[in-house]
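One structure is given here, and the rest of the page talks about it.
Values in this text are rule-based calculations from the coordinates and carry no lab data. It should be emphasised that the depicted structure is a prediction, and the values quoted were computed from it without experimental measurement. All Cβ positions, even for glycine, are placed from backbone atoms using ideal geometry, and neighbour counts span all protein chains on display.
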Amino acid sequence: MQAFETHRGIGVPLRRSNVDTDQIVAAQFLKRITRTGYDDALFYAWRQDAGFVLNQEPFRPGTVLVAGPNFGTGSSREHAVWALMDYGFRVVLSASFADIFRGNAGKSGLLAGQCGQADIEHLWAILEDRPGTEVDVDLVHRTVVADTFRCGFDIDEYTRWRLLEGLDDIGLSLRHTDAIAAYESARDTWLPTTAPVNR
Amino acid sequence: MLAVNPRRTLAQKIWDRHVVVPGREVGGVMSPDLLYVDVHLLHELSPQAFDGLRLAGRRVRRPELTLAIEDHNVPTKDIHLPIADAVARAQVDALRRNCEHFGIPLFRMGEREQGIVHVVGPQLGLTQPGMLVVCGDSHTATHGALGAFAFGIGTSEVEHVLATQTLPMAPFRNMAVTITSRDGRLPPNVTSKDIALALIARVGVNGGQGHVIEYRGNVVRGLSMEARMTLCNMSIEAGARAGLVAPDEVTFEYLAGRPHVSTGAPWRQARENWATLHTDTGASFDREVELDVDLLEPMVTWGTDPSQCSTLSGAVPDPAFSASPAQRLSAEHALRYMGLEPGTMMRSIQIDRVFLGSCTNGRIEDLRAAADVMRRRRVAPGVVMLVVPGSMRVKAQAEAEGLDAIFLAAGAQWRAAGCSMCVGLSADLLVPGERCASTSNRNFEGRQGKGGRTHLVSPVVAAATAIRGTLSRPEDLAD
């Protein structure tokens, strides 16, 4: 995973609440077997509308998405995170995130920063008044700066640390192989296995 | 550190049992607990997880605690033929190759045990009280009905579980949802699907965010195991990653004799163990919600998220009366997409398609309830109804009971098992503008096909709607 410390890029205001993962990446794209190449899939249905924010020139190369609350609700598809990243987004800011989306973002290196809704509204106003405004996101200090506006954001400490270090979760857990083996040897014998049975 | 309440909730008890390495300080921050996974269910949509393993030269730690089933993109008719959609076929082929390579048991399309992972797991007895169950699918919450801690994960986490049989998890908060009525029963033709929709309408689609929900109360005790699965299944639509019900005699009776459930002395040990699986008196919940269902009516969604719903006897609401500007904007958006006018009576809305199936409502009891409504009746002219059993076992059972004959005589289509119209990955799709009464779980824009309009309902409402052609409950049908 690519480490993340700071990022500067064009902010994109997305004035919608409860943006579900079916809108971020529609089911038809989940049949692919690759982990990359989902940039065309991002917000596919909404992008058919010429008025959609990503179809407006200053926003097209945006990398910091500023969205309404409960972003990423719905299915567990990690493709939603991959599509945002393949398009070029490194950061999503929202007043709240669906649990699974937030977890997936942290695993793939997309920064999901939680800001107060008042701060989100302020960012929307700036980005709409002056389209193309660049936003500075600093994970070390947990700050967002756009023009003269500055606010903080929340992210759980452990995810922040892993993002800063660019650490692979699996590698970290495999350091505990002995503890895992010890746990396994003490598991109850009535617990089922998936080995085929003929009943 | 905060003092820990020694009285534990059911979810906390299950969590405690699965801690392999407790959270500790790493790099100046607390790491999450590392939890052991008892059963890991897979389907064809996570091939990238296997690619990750291969790239890193890792193996699957416990293939015998892992089970793969083809469900999301498989066709539900002509299943004896190769999958016509080349992209879907490539994905199913990838799953087959990966299972073969890593030694993971697999149920293929059309096989006796194939079906939707969340229908098959409980049906085989693979999900048991006190277990920790994960799957790369948000409706994994379903398995909580058996008193298991079950939640959906993303592809990176699937890879993590394959490699280590564990997951690092930050703790959930605890939410109690107590569902009661005077006599513990539900009003006629009101089901656990309606409870779920009423709950989501009450707390919102993010009401359970960060929480695991424990469903309690006399109504929950009176629900069948399958009805509890429907309720737990919809937890994610309230934003909760998991939902569960403390195991009781209903649970034990359901499990006894199932293929993967122990017998003899191990069964007795398991029963003893399960007896401790309940929330202690005095345990604290972070949030408590009480739902009185004496006056509950069948529910139906009018919008594009599951909280946008009303009673079937009600009307499409006016967004002007929304609780907040954001909700008003969402409701206006939703009504435009759904092609509905405020004030329209729900029961006057004409339907093009009816879908009976999914991990929410594709079990034998769901099919029985719908068949009861449709017996000796005909689907309304112009309406297309798909009946898709949740698993091949459900299909076989329904056929043994003659339910298929009832659906077919009514003019409905009887299909093979899969996710079908719930997820819009197979050929079972709406065309733009088509309106569907669906027993599935999500009414998001385009969920059942681009431009398709979804109304979430229970199986009995789906059946009555198919007969009348407008959103209806069984009481609306003439004898």
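Per the Kirkwood treatment, what hydrodynamic radius in Å, one decimal, follows for the protein assembly as shown from the mean inverse distance over all distinct Cα pairs?
Details: mean 1/r = 0.0396 Å⁻¹.
Computed over Cα pairs of the protein assembly as shown, the Kirkwood hydrodynamic radius comes out at 25.3 Å.
Using a 10 Å cut-off on Cβ to Cβ distances, tally the other chain neighbours for every residue of A:170-181 and report the average as a whole number.
Average neighbour count from other chains, rounded to a whole number: 6.
How crowded by other chains is B:62-69, given as the mean number of beta carbons from other chains within 10 Å of each beta carbon? Don't skip to the end; give the middle numbers.
Details: counts 4, 3, 5, 7, 2, 4, 1, 0.
Average neighbour count from other chains, rounded to a whole number: 3.
How crowded by other chains is B:149-159, given as the mean number of beta carbons from other chains within 10 Å of each beta carbon?
That works out to 6 on average.
Give the relative contact order (percent, whole number) for the range A:37-115; include only Cα pairs under 8 Å separated by 6+ residues.
In percent, rounded to a whole number, it is 32.
Based on the alpha-carbon gyration tensor of the range B:439-479, what equivalent-ellipsoid semi-axes (square roots of 5 times the eigenvalues) come out, in whole Å, largest first?
Semi-axes, largest first: 23, 10, 6 Å.
From the P(r) of the range B:294-334, can you give the percent of Cα pairs sitting at distances over 16 Å?
Of the Cα pairs, 35 percent sit more than 16 Å apart.
Report the normalised scattering of the range B:281-364 as log10 I(q)/I(0) at q = 0.13, 0.15, 0.21 Å⁻¹, calculated by the Debye formula with identical scatterers on the alpha carbons.
Those come out to -0.59, -0.74, -1.11, one per q.
Along the charge dipole of the protein assembly as shown, which of B:GLY446, A:ALA98, A:ASN18 sits closest to the positive end, that is, farthest toward it, with unit charges on the beta carbon of Lys, Arg, Asp and Glu (+1, +1, -1, -1)?
B:GLY446
Tell me the label-point distance for the pair B:LEU477, A:GLU165, using the 7 Å Cα-to-Cβ offset, in nm and rounded to one decimal.
Reported label-point gap for B:LEU477 and A:GLU165 is 6.1 nm.
How large is the Rg to Rh ratio of the range B:412-461 when both quantities use alpha carbon positions and Rh follows Kirkwood? Don't skip to the end; give the middle numbers.
Values: Rg = 10.3 Å, Rh = 11.0 Å.
Ratio value, two decimals: 0.94.
Looking at chain B, what % of its DSSP beta bridges pair antiparallel, to the nearest 5?
If we restrict to bridges inside chain B, about 25 percent are antiparallel.
In chain A, if the dipole is taken from +1 on Lys/Arg beta carbons and -1 on Asp/Glu beta carbons about the Cα centre, which of A:GLY9, A:GLY62, A:PRO192 is farthest to the positive end?
It is A:PRO192, whose Cα lies furthest towards the positive end.
In square nanometres, what is the average projected area of the Cα convex hull of the range B:365-479? Before the final figure, lay out each step's value.
Details: hull surface 26.2 nm².
For the range B:365-479, averaging the hull's shadow over all directions gives 6.6 nm².
Per residue of the range B:202-217, what does 6.51 cos²θ - 1.76 cosθ + 1.60 with θ = phi - 60° give for ³J(HN,Hα)? Whole Hz please, x for Gly and Pro, Karplus curve as stated.
In residue order, the calculated couplings are 6, 9, x, 6, 10, x, x, 3, x, 10, 10, 9, 9, 8, 9, x Hz.
Over chain A, what is the mean sequence separation of C-alpha contacts under 8 Å (at least six apart), divided by residue count, expressed as relative contact order in percent?
The value is 25 percent.
If all Cα-Cα distances of the range B:1-142 are sorted into 10 Å bins from 0 onward, what percent lands in each bin, rounded to whole numbers?
Calculated over all Cα pairs of the range B:1-142, the distribution is 10, 33, 31, 17, 8, 2, 0 percent.
Hey, what D do you get for the range B:151-229 in µm²/s if you plug the Kirkwood alpha-carbon radius into Stokes-Einstein at 20 °C and 1.002 mPa s? Walk me through the numbers on the way to the answer.
Numbers: Rh = 14.9 Å.
Calculated translational D: 144 µm²/s.
Take the alpha-carbon centre of the range A:151-179, take the same for the range B:219-245, and report the distance between them in whole Å.
Between the Cα centre of the range A:151-179 and that of the range B:219-245, the gap is 32 Å.
Which one, A:ASP22, A:ASP178, A:ASP86, has the greatest fluctuation when you compute a Gaussian network model over chain A with C-alpha springs under 10 angstrom?
The residue that fluctuates most here is A:ASP178.
Where is the GNM fluctuation largest for chain A (alpha-carbon springs, 10 angstrom cutoff): A:ALA50, A:ALA67, A:ALA95?
Result for chain A, Cα springs under 10 Å: A:ALA50 fluctuates most.
For the range A:1-39 and the range B:278-331, what is the separation of their C-alpha centers, rounded to whole Å?
Taking the Cα centre of each part, the range A:1-39 and the range B:278-331 sit 29 Å apart.
Translational diffusion coefficient of the range B:174-269 at 37 °C, 0.692 mPa s, Stokes-Einstein with Kirkwood Rh over Cα pairs, in µm²/s as a whole number.
D = 229 µm²/s.
Relative to the compact-globule scaling 2.2 N^0.38 Å, provide the ratio for the alpha-carbon radius of gyration of the range B:248-304. Working shown, then result.
Values: Rg = 18.4 Å, N = 57, 2.2 N^0.38 = 10.2 Å.
Scaled against compact globular proteins, the figure is 1.80.
Check the protein assembly as shown and count each lysine pair with an alpha-carbon distance under 29 angstrom, considering only pairs eight or more places apart or from different chains.
Close lysine pairs under the 29 Å cut-off: 12.
With just the Cα atoms of chain B, tell me how far they stretch along each of the three principal axes, in Å, largest first.
61, 53, 47
Rounded to two decimals, what ratio of Rg to Rh does the range B:59-163 give with C-alpha atoms and a Kirkwood Rh?
Values: Rg = 14.1 Å, Rh = 14.6 Å.
Result for the range B:59-163 is an Rg/Rh of 0.96.
Give a residue-ordered list of calculated ³J(HN,Hα) values for the range B:307-315 (Karplus: 6.51 cos²θ - 1.76 cosθ + 1.60, θ = phi - 60°; whole Hz; x for Gly, Pro).
7, 8, 9, 9, 6, 4, 7, x, 10
Nearest 20 debye, what's the magnitude of the dipole of the protein assembly as shown about its Cα centre given +1 on Lys and Arg Cβ and -1 on Asp and Glu Cβ? Before the final figure, lay out each step's value.
Working: 69 positive and 78 negative charges, 228 e Å.
Charge dipole of the protein assembly as shown: 1100 debye, to the nearest 20.
Using modelled backbone amide H atoms (1.01 Å from N, in-plane), which distant-in-sequence or interchain residues come within less than 5 Å of B:GLY469's amide H?
B:ALA380
For the range B:419-439 and the range B:1-72, what is the separation of their Cα centres, given in Å?
Spelled out, the Cα-based centre of one part sits 33 Å from the other.
Which three extents, in whole angstrom, do the alpha-carbon atoms of chain A cover along their principal axes, largest first?
Per principal axis, max minus min of the Cα coordinates gives 64, 38, 26 Å.
Find how much the distance from B:LEU295 to B:VAL29 grows on full extension, using 0.36 nm per residue of separation minus their present alpha carbon separation; answer in nm with one decimal.
Roughly 90.8 nm would be gained on extension.
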